[in-house]
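Okay, so here's the structure we're looking at.
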């Protein structure tokens, strides 16, 4: 390159230690999780690998969070310096689309498990349509009380749908240069996200206290409860991550970041939030309404 000038539209990143630091932290967190659950080197292992000790896990988690903060801070700095050219922005969009596609397949796996248990929880081969109908009719197992879908689950559904409109309002306001409207819409979206998480935490506590899904008289009651908590719990975790994502965007917006033409960080957060909304609609429809309205024993 003559005179040291860059003659292309691509962004060649500067040398960074974050991939190495993040990898070490992730390995430490994984080993720490195993140690916390059952131990890594047997009952005679000493600190920090002694069974049922959580120190290594939280040390690794701290390292992962620190890596996320530092790495994304550098990416934001690169964007502000003009390194994210139109060509680079296209690559970022493709990357986010592929990430959301991988998340879609993640939830497809949970739905697959749920439907497979609905069909084969009796551990037998289904050879006719009538047997399929009978299997679905007996899921959840008789004797298991399910969560009423038209109470807290409906409130959470309306909360997420409303948050989808507020984040769209914020995005449109930012595109038109209305920074005040973007801040208000983004703040409302964050509040609604916190509300969803709080309601779900209350719902989980209510489920545990009243012993929903658990019945000594119902075979396979544990399968239904496990699939319910895994599907809705992982979705709740995604809502929490999306809320943090949007909070960071609000902080950047209040500090003068983003412009009508350059705001992919916020756009990616909005895409992710809409994905979370759509997944919840499927969860609500199948887990709460279609299968959940069957009150076992009734």
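Look at the stretch 71-96 and say how many of its residues are more than 17 Å from residue 258 (Cα to Cα) and touching a residue at least 12 places away in the same chain (Cβ under 8 Å).
3
Going by the conditions given, is residue 243 at pLDDT 85 or above, within 12 Å of the chain's Cα centre (by Cα) and farther than 21 Å from residue 109 by Cα?
In short, yes.
Can you tell me which residue is modelled with the highest pLDDT among those in the stretch 102-116 that are under 18 Å from residue 225 (Cβ atoms) and buried (at least 17 other Cβ atoms within 10 Å of the Cβ)?
110
Within the stretch 256-286, can you find the residues that are surrounded by fewer than 18 Cβ atoms within 10 Å (Cβ to Cβ), more than 19 Å from residue 169 (Cα to Cα) and in contact with a helix residue (DSSP H, G or I) (Cβ under 8 Å, 6 or more places away or on another chain)?
Of everything in the stretch 256-286, those that are surrounded by fewer than 18 Cβ atoms within 10 Å (Cβ to Cβ), more than 19 Å from residue 169 (Cα to Cα) and in contact with a helix residue (DSSP H, G or I) (Cβ under 8 Å, 6 or more places away or on another chain) turn out to be 281, 282, 286.
Which residue pairs have Cβ atoms under 9 Å apart, sit 6 or more places apart or on different chains, and have a first residue in the stretch 197-208 that is more than 20 Å from residue 163 (Cα to Cα) and a second that is part of a helix (DSSP H, G or I)?
Here the result reads 204/229; 204/232; 204/233; 204/236; 206/152; 207/225; 207/228; 207/229, each pair linking the stretch 197-208 to a residue that is part of a helix (DSSP H, G or I).
Quick grid of which residues meet (1) assigned to a helix (DSSP H, G or I); (2) in the same structural domain as residue 186 (by TED's automatic domain parsing); (3) free of Cβ contacts under 8 Å to residues at least 60 places away in the same chain:
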residue	(1), (2), (3)
232	yes, yes, yes
241	yes, yes, yes
250	yes, yes, no
253	yes, yes, no
260	no, yes, no
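Is it true that residue 247 is within 14 Å of residue 193 (Cα to Cα) and surrounded by 17 or more Cβ atoms within 10 Å (Cβ to Cβ)?
Yes; evaluated as a whole, the condition is true for this residue.
Does residue 248 meet the test of being under 30 Å from residue 177 (Cα atoms) and modelled with pLDDT of 95 or more?
no
Considering every residue within the stretch 128-136, establish whether at least one is surrounded by 12 or more Cβ atoms within 10 Å (Cβ to Cβ), assigned by TED's automatic domain parsing to the domain that holds residue 201 and either modelled with pLDDT of 85 or more or not in a helix (DSSP H, G or I) (or both).
Among the residues of the stretch 128-136, not one is surrounded by 12 or more Cβ atoms within 10 Å (Cβ to Cβ), assigned by TED's automatic domain parsing to the domain that holds residue 201 and either modelled with pLDDT of 85 or more or not in a helix (DSSP H, G or I) (or both), which makes the answer no.
Which one is modelled with the highest pLDDT among residues in the stretch 25-77 that are more than 21 Å from the chain's Cα centre (by Cα) and closer than 16 Å to residue 248 by Cβ?
70
The values are calculated or read from the model by the stated rules, or taken from the named source; none is laboratory data. Fair warning: this is a prediction, and the values are worked out from it, not measured in the lab. With ideal geometry, Cβ positions are generated from the backbone for all residues, glycine too; neighbour counts draw on all protein chains shown.
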